[in-house]
Each structure stands twice: as C-alpha cells, then as structure tokens.
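Report on the following structure.
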Amino acid sequence: MVCFKQPYYGKQFRGDLQGIGFKFNNYDPCVANKDVDGKQQTVRFHVDDLMSSHVDPKVNDKFQEWLQETYGQVNDVQATRGKKHVYLGMTVEFQDDGSVTIDMCDYIENMIKEFPMNLQGLRATSPASENLFKASNGKALNLKQKEQYHHTVAQGLYVAKHARQDLLQTITVLSTRVKEPTEGNWEKLVCIMKYINRSK
C-alpha cells in the first residue's frame, strides 16, 4: 500500500489512468482497477491524494515512477509507504493478519481544537439537544460565527458519513441551517461538540 500526493489534473488524470489500462468502478468514479501479473492493482483518489495497492510492492514502485514522469514537472510526487497511512482524514492501518482498521480519531481531535470554545471538561450524553427539531430562535450569527458554524457542520458531516453514524441525524438537521444560522442553532452545534468531546 502506498499513498501519493500529486498535482491535481482532474479529467486528464482519469484519461491518463485509462490510457495505461485502468478500468473505473461503475459505482465509484474515484476508484480504478487494473490486472497486473494476475493480481489486482487498485487506485483510489480524491483531488490530489491517491492510494495504490497491489500485493507486489514493485507494482506500486512502477506506478510512482509513472506518476513522477507524468506529473512531476509541476511538483514532486510524494509517497508514504508501509502499513499505516493518513488518507483523507482517516488513519488506515493494515494488520499482519490481513485485516485493516480505519479510524478518524485525529480528525475528531482536530475538530475539537479548532472549535472556538474551550470544551475541556464539557460533556453531553447525546449529540442532539432536546429541541433539535424545533425552530431555533435568537439573533442571526455575525459573519465570523456564521463561517465557523458552516465550517464545523461541514467537518461534522464529513466524519458522520465516514466513521460516526451516531452524529448523522443531528448534523443533517444542523446542515439545513448553514445559510442563516441563529444563536439557537449555535447552541445545538455546541451540544454536538460536547458529545464529540465526550465520545472522541
């Protein structure tokens, strides 16, 4: 397994992968497979982050060389190798028994650090406040608070879709208020952040 950081070329990258024999997954347009020496090589990517896997490390070496030759004129293609990788906010670790663990603890810890309220010692037993589904009253948030609200809700949506389904219902409700959040919406956001702090 190798993770790469390369310049982003969008549609060109898809075409270049197809040009060297990769076939894209019908259900996920960011996953491509290729048969190399009777074994599958899989490349998954998002913007400029890539992950390549094949049972033979030399296949990944050749893929890195191809990336460098094709895209290295803008920036060097950076690679991390081994059993542990940070990829799109997820820590992916491959075990000796063939299993894999994926966690987002570091991502969640970063969410807590970035939040403009000291959450140390603050806990909530549920991600949702009692009035989650009631219309929120109070003044509209100022521009800075509004931007922070939007940013934190987006982070919460990302982590809820990937690793923390227990947050999904609350984050879905909060995301319907990102255009014009109020003080009441902010209180609901603080509640979910207290819960995340408790359950990180």
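The values are calculated or read from the model by the stated rules, or taken from the named source; none is laboratory data. Keep in mind the model is a prediction, meaning the values are calculated, not measured. Ideal geometry is used to build each Cβ from the backbone, glycine not excepted, and the neighbour counts take in all protein chains shown. Side chains are part of the model used for accessible areas, which takes the heavy atoms of the whole protein and leaves out ligands, DNA and RNA. Shrake-Rupley method; radii C 1.70, N 1.55, O 1.52, S 1.80 Å.
What is the one condition in (1) over 30 Å from R164 (Cα atoms); (2) free of Cβ contacts under 8 Å to residues at least 24 places away in the same chain that T70 does not satisfy?
For T70, the exception is condition (2).
Just to check your reading of the model, which residue among Q40, Q78 is among the polar types (S, T, N, Q), over 15 Å from Q12 (Cα atoms) and without any contact (Cβ under 8 Å) to a residue 24 or more places away in the chain?
Q40
Considering only the range 32-67, how many residues are assigned to a loop (DSSP other than H, G, I, E, B), within 24 Å of the chain's Cα centre (by Cα) and more than 19 Å from L88 (Cα to Cα)?
1
Could you say whether any residue in the range 91-98 is touching a strand residue (DSSP E or B) at 6+ places or on another chain (Cβ under 9 Å), under 18 Å from Y158 (Cα atoms) and not small (G, A, S)?
Yes, the range 91-98 contains a residue that is touching a strand residue (DSSP E or B) at 6+ places or on another chain (Cβ under 9 Å), under 18 Å from Y158 (Cα atoms) and not small (G, A, S).
For the range 113-165, give me each residue that is loosely packed, with under 14 Cβ neighbours inside 10 Å, touching a strand residue (DSSP E or B) at 6+ places or on another chain (Cβ under 9 Å) and not hydrophobic (A, V, I, L, M, F, W, C).
Answer for the range 113-165, where residues must be loosely packed, with under 14 Cβ neighbours inside 10 Å, touching a strand residue (DSSP E or B) at 6+ places or on another chain (Cβ under 9 Å) and not hydrophobic (A, V, I, L, M, F, W, C): N137, G138, K139.
Looking for something closer than 30 Å to M111 by Cβ and in a strand (DSSP E or B) - is there at least one such residue anywhere in the range 22-31?
Yes, that holds for at least one residue.
For the subset of the range 90-112 comprising residues that are within 12 Å of the chain's Cα centre (by Cα) and buried (at least 16 other Cβ atoms within 10 Å of the Cβ), which member is nearest to A163 (Cα to Cα)?
Among those that are within 12 Å of the chain's Cα centre (by Cα) and buried (at least 16 other Cβ atoms within 10 Å of the Cβ), it is M104.
Does Q78 satisfy the condition of being open to solvent by 80 Å² or more (accessible area, probe 1.4 Å) and in contact with a Pro (Cβ under 9 Å, 6 or more places away or on another chain)?
No.
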